Amino acid sequence: VKNRLKVLRAERDWTQADLADRLEVSRQTVNAIEKGKYDPSLPLAFRISRLFEMPIEEIFDPEERTYPIQAEARTQDLGHEH
Amino acid sequence: METTDTSILGFCSAPLRDRQNQRRVTIWSVIWGVSYIIVTIAIQKGWLSSAAAIAAVIGTSLFGVATLLAYHRFLRETDELRRKIEVDALALAFGIGLVGGLTFFLLFENSLVSGRSFGLVFVAMILAHTSSVVIGRRRYS
């Protein structure tokens, strides 16, 4: 899962330690999330969302996207099955 | 300026709560280890009566239980990445303990090793856990 945590943090001029304190996690956790090495749990993702006052999907972006053409093909497949 | 965590265990950046819990685990571990050594020596040297030896062994085991409880609290309250690293390390140590224990049992039953060698299984478990924690903290830093 890609994320904009580093950008959002930089916009507020916070260090990783500042953000870690606000989220009550270790700086290592913030660093790992920013680098994409670790995906946060749902509760932590919600805390991040609340802290930045943004919806989760504006901060985290699943790399596997479902494009409209794929969704349409899938809908047609389901139609054929019935 | 961002702080760079250069410690081997990556623990300098831990929240105060984690550091306090880790300190409790360390203190209880040391007490348990020291009491274990003292009781072992005291029993081997014959300094204790049977009743006193049993009481000493039970007392040492209680220190072990205290260590486990402190570690359980640390795991429960620590932040999620540290918990993941610890749980991964515990899984590895458990696997090595299970495989090593059964292997030892097979060897012991066939008189291929002495019972005293069983301590090696515990040493392997401790080494596996410690190295897994170090590698995990390095991997996510």
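The values are calculated or read from the model by the stated rules, or taken from the named source; none is laboratory data. Computed from a predicted structure; not experimentally measured. A quick note on method: Cβ atoms are made from the backbone with ideal geometry, for glycine too, and the neighbour counts reach across all protein chains shown.
Taking only region B:70-86 into account, find how many residues are more than 13 Å from every other protein chain (Cβ to nearest Cβ) and free of Cβ contacts under 8 Å to residues at least 40 places away in the same chain.
Number of matching residues: 3.
Can you name every residue in region A:24-43 that is part of a helix (DSSP H, G or I), touching a helix residue (DSSP H, G or I) at 6+ places or on another chain (Cβ under 8 Å) and surrounded by fewer than 19 Cβ atoms within 10 Å (Cβ to Cβ)? Full working, then the answer.
Step one: list which residues in region A:24-43 are part of a helix (DSSP H, G or I), which gives A:27-34, A:42-43.
Remaining after also requiring touching a helix residue (DSSP H, G or I) at 6+ places or on another chain (Cβ under 8 Å): A:27-34.
The one that is part of a helix (DSSP H, G or I), touching a helix residue (DSSP H, G or I) at 6+ places or on another chain (Cβ under 8 Å) and surrounded by fewer than 19 Cβ atoms within 10 Å (Cβ to Cβ): A:E34.
Taking only region B:39-73 into account, find how many residues are touching a Phe, Trp or Tyr at 6+ places or on another chain (Cβ under 7 Å) and of a type in the set (S, T, N, Q). Reasoning before the result, please.
First, pick out the residues of region B:39-73 that are touching a Phe, Trp or Tyr at 6+ places or on another chain (Cβ under 7 Å): B:60, B:63-64, B:66-67, B:70.
If we keep only those that are of a type in the set (S, T, N, Q) as well, we get B:60, B:67.
The total comes to 2.
What is the one condition in (1) loosely packed, with under 13 Cβ neighbours inside 10 Å; (2) more than 13 Å from chain A (Cβ to nearest Cβ) that B:F108 does not satisfy?
Unmet condition: (1).
So the check is Cβ under 9 Å with 6+ separation or different chains; which pairs have a first residue in region A:31-43 that's farther than 15 Å from A:T15 by Cα and a second one that's in a helix (DSSP H, G or I) and among the β-branched types (V, I, T)?
A:Y38/A:T29; A:D39/A:I33; A:P40/A:T29; A:P40/A:I33; A:P40/A:I48; A:L42/A:I56
Regarding region B:9-30, can at least one residue be identified that is at positive phi, buried (at least 17 other Cβ atoms within 10 Å of the Cβ) and at pLDDT below 90?
Looking only at region B:9-30, we keep the residues that are at positive phi, and these are B:10.
Restricting the remaining residues to those that are buried (at least 17 other Cβ atoms within 10 Å of the Cβ) gives B:10.
With at pLDDT below 90 added as a condition, the list becomes B:10.
The answer is yes, given that some residue of region B:9-30 is at positive phi, buried (at least 17 other Cβ atoms within 10 Å of the Cβ) and at pLDDT below 90.
Which members of region A:5-38 meet the condition of being more than 22 Å from B:I85 (Cβ to Cβ) and at the interface with chain B (Cβ under 7 Å from one of its Cβ atoms)?
A:T15
Looking at region B:18-34, I want the residues that are within 14 Å of another protein chain (Cβ to nearest Cβ) and touching a residue at least 24 places away in the same chain (Cβ under 8 Å) and have a partner that is buried (at least 18 other Cβ atoms within 10 Å of the Cβ) and outside any helix (DSSP H, G or I) with Cβ atoms under 6 Å, at least 6 apart or on another chain. Which pairs are those?
From residues that are within 14 Å of another protein chain (Cβ to nearest Cβ) and touching a residue at least 24 places away in the same chain (Cβ under 8 Å), the pairs are B:D18/B:T78.
Restricting the search to region A:1-27, which residues are more than 18 Å from the chain's Cα centre (by Cα) and among the hydrophobic types (A, V, I, L, M, F, W, C)?
The answer is A:W14, A:A17.
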